[in-house]
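Peer 1: I have a structure I would like to understand better, so I am pasting it below and will then ask my questions one at a time.
The values are calculated or read from the model by the stated rules, or taken from the named source; none is laboratory data. Fair warning: this is a prediction, and the values are worked out from it, not measured in the lab. Using ideal geometry, Cβ is built from the backbone for each residue, glycine included, and neighbour counts are taken over all protein chains shown. In case anyone asks, the SASA skips ligands and DNA or RNA and just uses the protein heavy atoms, side chains included. Shrake-Rupley method; radii C 1.70, N 1.55, O 1.52, S 1.80 Å.
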Amino acid sequence: MDIHELKFVGCGENIVEFDEDEMFDEDEETFADSSSSTADTSFDTVIGSIEDIIMGESFQQLQQTFMEKHYHEFEESEENKLSYTPIFNEYVDVLERHLEQQLMERVLHFNMNTFLEQLMQHKEEVPDDIFHMLLTFTDFMAFKEMFLEYRAEKEGRGLDLSQGLVVKPLIAAGSKQTGLNGLQ
């Protein structure tokens, strides 16, 4: 078969080769069909890019520096201090601007408003860690909780699971252990 007779059809990263001269049987049952829309594909691309960005060194460093600068302000209390508000606003401004700028560089025709609309429609599909990170930009209580967790970790008050660990020997005391060949 001549290479010029072949046609290639692509769907995402999948490429299917078929001979133009072959006829497809209309009665054949279709087992796999792409039902994702362009909007769904675009949304998935943005989410993948967000994962890459927030796991990247520049975002991690920016967030770490910001939290290190302000964590001492936050206290475990029902009442919120007035000083939290400018910190929250600065956090949103700095990190959201960085995230949006990175997305605009990585995703062709990225629009934050369009993405936010899609996010509300697909929030069940977004990994929890990504959704929680995005929530810190809009939900003050999630933001405060992030700082309280950071402070507890910095002060050594993080979750201690060592009390729940119990070490038991596999062989009871006083019993004889046999080697690989059954020798004692």
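Peer 1: Calculate the tail of P(r) for the stretch 37-172: the fraction of all Cα-Cα distances greater than 20 Å, expressed in %. Kindly include the intermediate steps, with their values, before the conclusion.
Peer 2: Working: 5047 of 9180 pairs.
That tail contains 55 percent of the Cα-Cα pairs.
Peer 1: Now for a separate question. Under 11 Å from the Cβ of Glu73, count the other residues' Cβ atoms, weight Lys and Arg +1, Asp and Glu -1, and hand me the total.
Peer 2: Working: positive: Lys69, Lys81, Lys144, Arg151; negative: Glu75.
Once all neighbours under 11 Å are counted, the net charge is +3.
Peer 1: When the Cα atoms of the stretch 71-142 are enclosed in a convex hull and the volume is divided per residue, what value in Å³ results? Intermediate results must be reported in sequence, preceding the final value.
Peer 2: Values: hull volume 8.6 nm³, N = 72.
With only Cα atoms used, the stretch 71-142 gives 119 Å³ per residue.
Peer 1: Quick one: if you stick a label point 7 Å off each Cα along the C-beta vector at Asn113 and Gln60, how many nm between them?
Peer 2: 3.5 nm
Peer 1: Can you compute the charge dipole magnitude of the stretch 46-166 about its Cα centre, using +1 on each Lys and Arg Cβ and -1 on each Asp and Glu Cβ, nothing else charged? Give it in debye, rounded to the nearest 20.
Peer 2: Values: 9 positive and 25 negative charges, 46 e Å.
So the dipole magnitude of the stretch 46-166 works out to roughly 220 debye.
Peer 1: Probe radius 1.4 Å, ligands and nucleic acids left out: which of Ile130, Ile171 has the largest accessible area, and how do the rest follow?
Peer 2: Ile171, Ile130
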